[in-house]
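> Below is a structure I'd like to ask you about.
The values are calculated or read from the model by the stated rules, or taken from the named source; none is laboratory data. From a predicted model like this one, the values you see are computed outputs, not experimental measurements. When we count neighbours, we look across all protein chains shown, and the Cβ atoms used for this are built from the backbone with ideal geometry, even at glycine. Calculation scope for accessible area: heavy atoms of the full protein, side chains included, ligands and nucleic acids excluded. Shrake-Rupley method; radii C 1.70, N 1.55, O 1.52, S 1.80 Å.
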Amino acid sequence: MIYLDKTNQDAIAFVTNFIDANWLEQNDGTYKYQNIGYSQIKNPVIKFRSFFITEQNNKCCYCCRNIVNDNSTELEHIIPRTKSMLVDFIPYYQHSNILNQNVIPQIVFESSTNELNKPPFPHHIAYHNIVASCNGRIFESSEDFTCCNRERGDEFVPPFNLMQNSIQYLPDGTIVYILDLQNRNYFEILNLNKDILINIRRLWYLFSLSNLSIHQILDESTSTLEEKINIHAIANSQTIVEDFKLLETFSNPNIWKVFKEYSYFLDYYRNYSSTKS
Ligand SMILES: [Zn+2]
């Protein structure tokens, strides 16, 4: 998962202008906010989605897979759109000042008879409440393993993307919640501790111990996949017997292709190792 400080002034201005432009006079001469829903603000979606993909450096907010600005990338509401009562917002506020200061229920705007100050913004369209995630399909052909947005639904998960230093990836490839190390439930909800994802991260960890650059790892012209994984990753392991299974898994070109989409973890683990040593 990635941390987002949510300070993109262009995105904030875009949402502000959108709301202001829809403070409209009614037939009876009064004013109200009209057409300020999610489907309206994201039209055209390519423009709206680009705010999130750019600020996330083209990484899924949950699993850190590469994402691009097309329909394979989904926009996710941290406080779900189905929540409408302030009481449902409290657990999110308790974990994140960004949400507490910038996001209120949509209904407050939609029912207002006065023009309102911003922030806060209505939660269906608040930039601070939206993140971009992959579509959750690890393998194109597989319907049965999904992660990220698709798995979570409306269940409460702490807003990790807005909580600095709240999670960590361990060298074994698992993800942990630093404030509550034993609690893996939230990652079960997001399906982020599935074997394939753990193995992908473990292999990136082993590569991070090598001297190879990202380009040398991704380049397939210089050596076979088996050689590369063996010499530059598994050879760095302290537990070679257990890690040997990675060779069989990732020398399959289809799985290697998925592995490459998680290159985020090379720098992650190199930084991790430098802070631990
Ligand atoms: Zn993802």
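> It is to be established whether one or more residues within the range 159-178 are at positive phi and touching a strand residue (DSSP E or B) at 6+ places or on another chain (Cβ under 7 Å).
Within the range 159-178 (the criterion being at positive phi and touching a strand residue (DSSP E or B) at 6+ places or on another chain (Cβ under 7 Å)), the answer is no, since none of the residues qualifies.
> Something else: Which ones in the range 220-250 are modelled with pLDDT of 95 or more and outside any helix (DSSP H, G or I)?
Hits for the range 220-250 are 233, 237, 238, 239.
> Taking the options 3, 62, name whichever one is assigned to a loop (DSSP other than H, G, I, E, B) and in contact with a Gly (Cβ under 9 Å, 6 or more places away or on another chain). Reasoning before the result, please.
Numbers: 3 fails: in contact with a Gly (Cβ under 9 Å, 6 or more places away or on another chain).
Residue meeting the stated conditions: 62.
> Here is a follow-up. Of the conditions (1) open to solvent by 60 Å² or more (accessible area, probe 1.4 Å); (2) of a type in the set (Asp, Glu); (3) within 16 Å of the ligand (Cβ to nearest atom), residue 115 clears all except one; give me its number.
That leaves (3) as the condition not met.
> Still on this structure, I have one more. Look through 96, 72 and report the one residue that is within 16 Å of the ligand (Cβ to nearest atom), of a type in the set (Gly, Ala, Ser) and touching a residue at least 40 places away in the same chain (Cβ under 8 Å).
Details: 96 fails: within 16 Å of the ligand (Cβ to nearest atom).
One residue alone meets the criteria, 72.
> State whether the residues of the range 125-141 include one that is more than 16 Å from the ligand (Cβ to nearest atom) and either assigned by TED's automatic domain parsing to the domain that holds residue 264 or more than 18 Å from residue 6 (Cβ to Cβ) (or both). Can you show your working first?
Our first condition is that a residue be more than 16 Å from the ligand (Cβ to nearest atom); within the range 125-141, this holds for 125-129, 141.
With the extra rule that they be either assigned by TED's automatic domain parsing to the domain that holds residue 264 or more than 18 Å from residue 6 (Cβ to Cβ) (or both), the set shrinks to 141.
Yes; the residues of the range 125-141 include at least one that is more than 16 Å from the ligand (Cβ to nearest atom) and either assigned by TED's automatic domain parsing to the domain that holds residue 264 or more than 18 Å from residue 6 (Cβ to Cβ) (or both).
> May I pose another question? If residue 181 satisfies all but one of (1) free of Cβ contacts under 8 Å to residues at least 40 places away in the same chain; (2) under 19 Å from residue 61 (Cα atoms); (3) among the hydrophobic types (A, V, I, L, M, F, W, C), what's the number of the condition it fails?
(2)
> Keeping to the range 162-211, report how many residues are in a helix (DSSP H, G or I) and of a type in the set (S, T, N, Q). Explain how you work it out, then say what you get.
Kept after step one, since they are in a helix (DSSP H, G or I), are these residues of the range 162-211: 162, 185-190, 195-208.
The next check asks that each one be of a type in the set (S, T, N, Q); those that pass are 185, 199, 208.
Going through the range 162-211 one residue at a time, the tally reaches 3.
> Exactly one of these conditions fails for residue 93: (1) in contact with a strand residue (DSSP E or B) (Cβ under 6 Å, 6 or more places away or on another chain); (2) aromatic (Phe, Trp, Tyr); (3) assigned to a helix (DSSP H, G or I). Give me its number.
(1)
> Scan 236, 193 and give me the residue that is surrounded by fewer than 18 Cβ atoms within 10 Å (Cβ to Cβ) and touching a strand residue (DSSP E or B) at 6+ places or on another chain (Cβ under 9 Å). Break it down into steps so the answer makes sense when it comes.
On the way: 236 fails: touching a strand residue (DSSP E or B) at 6+ places or on another chain (Cβ under 9 Å).
The unique qualifying residue is 193.
> Pairs under 7 Å by beta carbon, first residue modelled with pLDDT of 90 or more in the range 152-165, partner among the basic types (Lys, Arg), six or more apart or different chains?
Filtered contacts from the range 152-165: 162/6.
> Restricted to the range 41-69, and to residues that are in contact (Cβ under 8 Å) with a residue 60 or more places away in the chain and more than 16 Å from the ligand (Cβ to nearest atom), which residue is most open to solvent (accessible area, probe 1.4 Å)? Explain how you work it out, then say what you get.
Initially, the range 41-69 is screened for residues in contact (Cβ under 8 Å) with a residue 60 or more places away in the chain, giving 41, 49, 51-53, 56, 59-67.
After this cut, where a residue has to be more than 16 Å from the ligand (Cβ to nearest atom) as well, the list is 41, 51.
Details: 41: 3, 51: 24 Å².
Looking at residues that are in contact (Cβ under 8 Å) with a residue 60 or more places away in the chain and more than 16 Å from the ligand (Cβ to nearest atom), I get 51.
> Separate question: Quick one: in the range 6-32, of everything that is in a strand (DSSP E or B) and in contact (Cβ under 8 Å) with a residue 12 or more places away in the chain, which residue is nearest to residue 65 (Cα to Cα)?
Result: 23.
> Output the residues belonging to the range 158-190 that are surrounded by fewer than 18 Cβ atoms within 10 Å (Cβ to Cβ) and either under 13 Å from the mean Cα position of the chain (by Cα) or not aliphatic (A, V, I, L, M) (or both).
Narrowing the range 158-190 to residues surrounded by fewer than 18 Cβ atoms within 10 Å (Cβ to Cβ): 164-165, 168, 170-172, 174, 176, 178-185, 188-189.
Residues satisfying the conditions are 164, 165, 168, 171, 172, 174, 180, 182, 183, 184, 185, 188.
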